[in-house]
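Shown next, in structure tokens, is the structure this report addresses.
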Amino acid sequence: MIDTIDIIHRDHMNMERVLSVMNRVAEGLGRADGVERSLGLLASIVYYIRLYPERCHHPKEERYLFKVLARRDEGADDLIRELKSQHAEGKRQIARLDLAVKAYDRTREDLTTLRRVVDDYAVFQRRHMDLEESELLPLARKGLADDDWSEVDQAFARDADPLFNENMEAGFRVLFERITCDEAGGARPF
Ligand SMILES: [Fe+2]
Ligand SMILES: [Fe+2]
């Protein structure tokens with residue numbers, strides 16, 4: 001049985017894994033060899049965030065979970081409005097991150113700006129996920145009926161994560177290896 005809350009929670013944990021690597025790669029940039037690899041990782045991260053969190057995770061939250069919760073609990077209106085506005089802001093922030101990575105790749109100057117944009121993005125996304133974990137999911141657990149869940153669960157069962165999945169897209173292999181390597185605390189291959 002598909003459980004939407006489990007999927008959302010797992011997606012958030014995976015996003016945290018990606019953000020942690022993004023922070024570390026940005027910190028190491030300019031201090032170590034392998035600038036090309038680091039920039040490649042940052043580009044993969046931007047691509048992944050656009051492909052899955054932006055294109056699948058957030059839209060499904062809005063189209064299914066927020067919609068059903070709004071029907072069941074008028075008191076959730078303010079929270080839903082805030083989360084939708086964060087989703088819209090997230091699109092602007094990922095565009096800003098994309099531009100910052102490309103600008104540094106082109107010029108190899110102003111690493112400070114790139115690091116600041118990376119940090120801003122990670123802080124923003126962590127705050128967004130915290131709000132969903134601490135307020136949205138408990139309200140949904142309390143307010144939704146079984147029928148609501150079957151509608152929402154069907155939607156969340158679609159679309160496999162292209163990075164954290166047995167059938168991972170080939171282009172994500174280097175990023176995935178870096179994530180698991182960092183988590184194992186071992187020597188990094190780059
Ligand atoms: Fe969200
Ligand atoms: Fe979320």
* **the chain - mean residue ellipticity at 222 nm from DSSP helices (-39,500 (n - 2.57) per run, n ≥ 4, rounded to 500)** => -23000 deg cm²/dmol
* Structure fact -> the stretch 1-23 scanned against label point 7 Å out from VAL123 along Cα→C-beta; backbone N under 15 Å for 23
* Output the peptides 80-91, 3-14 sorted from most to least packed, where packing is the average of other Cβ atoms within 10 Å over each peptide's residues. => 3-14, 80-91
* Asked: With charges only on Cβ, +1 for K and R and -1 for D and E, what is the dipole size of the stretch 1-63 about its Cα centre, in debye, rounded to 20?
  -> 140 debye
* Structure fact -> Relative contact order in percent for the stretch 4-159 (Cα pairs under 8 Å, 6+ apart) equals 38 percent
* For ARG173 and HIS9, what does the FRET efficiency come to when R0 = 22 Å and r is the distance between their Cβ atoms, rounded to the nearest 0.05? -> 0.30
* Asked: Roughly how many Å is it from the Cα centre of the stretch 124-190 to that of the stretch 75-117, as a whole number?
  -> 19 Å
* Could you give the dipole magnitude of the chain about its Cα centre, charging the beta-carbon of Lys and Arg +1 and that of Asp and Glu -1, in debye to the nearest 20? -> 820 debye
* Asked: Rg (Å, one decimal) plus Dmax (Å, integer) for the alpha carbons of the stretch 4-159?
  -> 17.5, 55
* Quick one: go through the stretch 49-64 and flag any residue whose amide nitrogen is under 11 Å from the point 7 Å out along the Cα-to-Cβ line of LYS91. => 55, 59
* To do: Take THR180, project a point 7 Å from its Cα along the Cβ direction, then tell me which residues of the stretch 32-55 have their backbone nitrogen under 20 Å from it.
  => 38, 41-42, 44-45, 48-49
* Net +/- balance of residues flanking LEU97 in space, Cβ distance below 14 Å, scoring K and R +1, D and E -1 -> +1
* Structure fact -> Diffing the stretch 159-166: the Karplus 3J(HN,Hα) column from phi (6.51, -1.76, 1.60, θ = phi - 60°), in whole Hz with x for Gly and Pro, holds 6, 6, 5, x, 9, 9, 7, 4
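Computed from the coordinates by the stated procedures, all read-outs in this text should not be read as laboratory data. This one's a predicted model, so the numbers in the text were calculated from it and none came from an experiment. Glycine gets a Cβ as well: all are built from the backbone with ideal geometry, and neighbour counts include every protein chain shown.
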